[in-house]
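*Asks:* Got a structure here, written out as structure tokens. Questions coming.
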Amino acid sequence: MQTKQNYYPSLESIKLAAENLKGVAFETPLSQNFNLSKELEASILFKREDLQVVRSYKIRGAYNKMASLTADEKQRGIVCASAGNHAQGVALSCKLLQIKGTIFMPSPTPNQKINQVKMFGEDFIDIVIGGDTFDDAFNAAKIECNSKNKTFIHPFDDEKVIEGQATVGLEILNQTKEKIDYVFVPIGGGGISAGLSSVFKYLSPETKIIGVEPKGAPSMLTSIKNKKNTALETVDTFVDGASVKKVGDLNFVICQQNLADVITVPEGKICQVILDLYNKDAIVVEPAGALSIAALDFFADEIKGKNVVCVVSGSNNDITRTAEIKERALLYANLKHYFIVKFPQRAGALKEFVAEILGPNDDITHFEYTKKNNRTNGAAVVGLELKSSKDLAPLINKMKERNFFGDYLNDKPDLFQFLV
């Protein structure tokens with residue numbers, strides 16, 4: 001067997017993984033998106049892993065890894081840590097392979113995801129909730145694993161997991177006879193990007209594989225720039241399915257060789273894609289599932305007239321996040337703005353602000369006096385939704401001319417984080 005330092009998945013091992021997954025993972029559709037194809041003047045195909053049995057590709061790697069365990073390892077049981085999709089893949093694999101598993105999940109994990117894990121794993125899994133972050137759950141899982149001599153099922157930094165995720169690439173190539181010019185693939189820990197890119201290096205080396213990360217968690221891009229696997233100090237966890245401080249060691253080495261480019265996309269852009277997919281195509285995706293599609297606009301000139309595949313990686317979206325998703329999308333589009341408004345100490349000041357300062361299409365979406373004991377004279381935090389980003393400068397000018405302007409909060413993150 002190859003050592004960890006020089007591991008590269010073989011085509012034979014990936015094809016074996018595909019055999020292992022028959023009857024377990026669906027062959028998900030590769031379908032054209034007509035809206036984006038027309039808009040970008042390209043053939044845009046979606047690889048719909050959001051329609052997978054656990055609503056993400058994670059079942060592929062989890063099952064392939066667990067099916068490879070020895071009889072003794074299966075008897076001792078497995079452990080994993082996850083806040084979402086990997087946990088669901090492991091849970092279903094436990095039930096299908098009749099392996100007892102313990103799944104560690106951090107305390108902020110939404111009940112919807114916890115319930116999904118219970119549903120897929122049934123009596124074959126135990127869930128342990130604890131710690132504030134994924135790292136806390138990960139460390140607790142490793143302690144359990146070592147103390148009880150169980151097998152740890154890593155979400156991405158594992159040979160069999162990478163080979164399982166690579167089967168997405170095999171399916172794409174089997175599902176179209178057309179030459180594929182670009183594949184956009186999301187990057188979290190790097191499992192699917194390492195696996196899929198390896199398949200294309202073997203079977204379609206001229207295809208450019210573009211890795212896509214959230215702007216708030218550029219762990220692969222940072223590592224490639226540094227030419228060594230680098231842990232980030234902090235990450236924005238909004239794109240929870242793709243926000244890791246450090247990618248896998250195996251994954252980094254493979255992606256460094258295989259990826260034509262790695263791009264980061266702003267979280268607000270991802271949110272707009274989530275809303276557009278729902279409103280235009282009736283497709284529900286989680287933030288990580290929108291990553292690959294969110295990158296297309298940044299490559300608009302390059303992909304014109306080309307055949308492009310976007311891996312839609314998952315649909316485990318929590319409906320309670322809808323308000324935040326809309327808010328982030330509006331902020332990214334420069335249509336949502338927060339101010340401290342100083343109301344002059346005269347009667348009718350609020351009426352004047354609404355009637356004469358705001359435009360006819362401007363909406364007040366947030367209003368809170370900062371001096372609760374003197375509502376007639378106090379300053380207020382005001383959130384405004386504009387119809388056009390061009391309306392911002394004239395609005396600020398009118399506020400200043402009439403002595404309403406106190407401060408603009410969008411570019412002050414220390415204050416702004418309490419509003420959004």
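What follows draws every value from the coordinates through simple rules; no lab data is involved. Please read all numbers here as calculations on a predicted model, not as lab measurements. When we count neighbours, we look across all protein chains shown, and the Cβ atoms used for this are built from the backbone with ideal geometry, even at glycine.
*Asks:* Measure up K179/K215; K336/K398; K22/K142 against 24 Å on the Cα-Cα distance and list the ones that go over.
*Replies:* Details: K179/K215 30 Å; K336/K398 17 Å; K22/K142 30 Å.
Checking Cα-Cα distances, K179/K215; K22/K142 exceed 24 Å.
*Asks:* Note down the nm distance, to one decimal, between modelled labels 7 Å out along Cα→Cβ at K100 and at N279.
*Replies:* It works out to 5.1 nm between the two label points.
*Asks:* Work out the length of the dipole vector of the range 286-370 about its Cα centre, built from +1 on the beta-carbon of each Lys and Arg and -1 on the beta-carbon of each Asp and Glu, and round it to the nearest 20 debye. Walk me through the numbers on the way to the answer.
*Replies:* Values: 9 positive and 12 negative charges, 20 e Å.
Rounded to the nearest 20 debye, it is 100 debye.
*Asks:* About its Cα centre, what dipole magnitude does the chain give when the only charges are +1 on Lys and Arg Cβ and -1 on Asp and Glu Cβ, stated in debye to the nearest 20?
*Replies:* Using Cβ point charges on Lys, Arg, Asp and Glu, the chain gives about 320 debye.
*Asks:* Another question, if that's okay. For Cα pairs less than 8 Å apart in space and 6+ apart in sequence, what is the mean separation divided by the residue count of the chain, i.e. the relative contact order in percent?
*Replies:* Numbers: 838 pairs, mean separation 62.3, N = 420.
Relative contact order comes out at 15 percent.
*Asks:* Charges only on Cβ, +1 for Lys and Arg, -1 for Asp and Glu: so what's the dipole of the range 5-50 about the Cα centre, in debye to the nearest 20?
*Replies:* For the range 5-50, the charge dipole is close to 60 debye.
*Asks:* Still on this structure, please answer the following. Among K65/K208; K208/K306; K15/K246, which pairs are too far apart, with a Cα-Cα distance over 19 Å?
*Replies:* On the way: K65/K208 28 Å; K208/K306 11 Å; K15/K246 28 Å.
Those over the limit are K65/K208; K15/K246.
*Asks:* Just order 212-221, 328-337 by mean Cβ neighbour count inside 10 Å, highest at the front, would you? The partial results should precede the final answer.
*Replies:* Working: 212-221: 24.4, 328-337: 19.0.
Result, highest mean first: 212-221, 328-337.
*Asks:* Where Lys and Arg each count +1 and Asp and Glu each count -1, what net charge lies around A25 among other residues with Cβ under 11 Å from its Cβ?
*Replies:* With Lys, Arg at +1 and Asp, Glu at -1, the net is 0.
*Asks:* Also: Where a Cα-Cα gap under 16 Å defines reach, which aspartates and glutamates qualify for K342, not counting those fewer than 8 residues away within the same chain?
*Replies:* Hits, sequence-local ones excluded: E352, E356, E368, E401, D407.
*Asks:* How much net charge surrounds S389 when only the other residues with a Cβ under 15 Å from the Cβ of S389 are counted, with Lys and Arg +1 and Asp and Glu -1? Provide the component values of the computation, followed by the final result.
*Replies:* Values: positive: K269, K336, K387, K390; negative: D362, D363, E385, D391, D411.
Net charge in that neighbourhood comes out at -1.
*Asks:* May I ask for the net charge around T207, where only other residues with Cβ less than 12 Å from the Cβ of T207 are counted and Lys, Arg are +1 while Asp, Glu are -1?
*Replies:* Combined, the nearby Lys, Arg, Asp and Glu give +1.
*Asks:* From the list (i) 0.94; (ii) 1.05; (iii) 1.01, can you say which value of Rg/Rh (Cα atoms, Kirkwood Rh) was derived from the structure given?
*Replies:* Identified label for the calculated read-out: (ii).
*Asks:* Could I ask something else about it? If we sort 90-97, 315-322 on the protection proxy, mean other Cβ atoms within 10 Å, highest first, what's the order?
*Replies:* 90-97, 315-322
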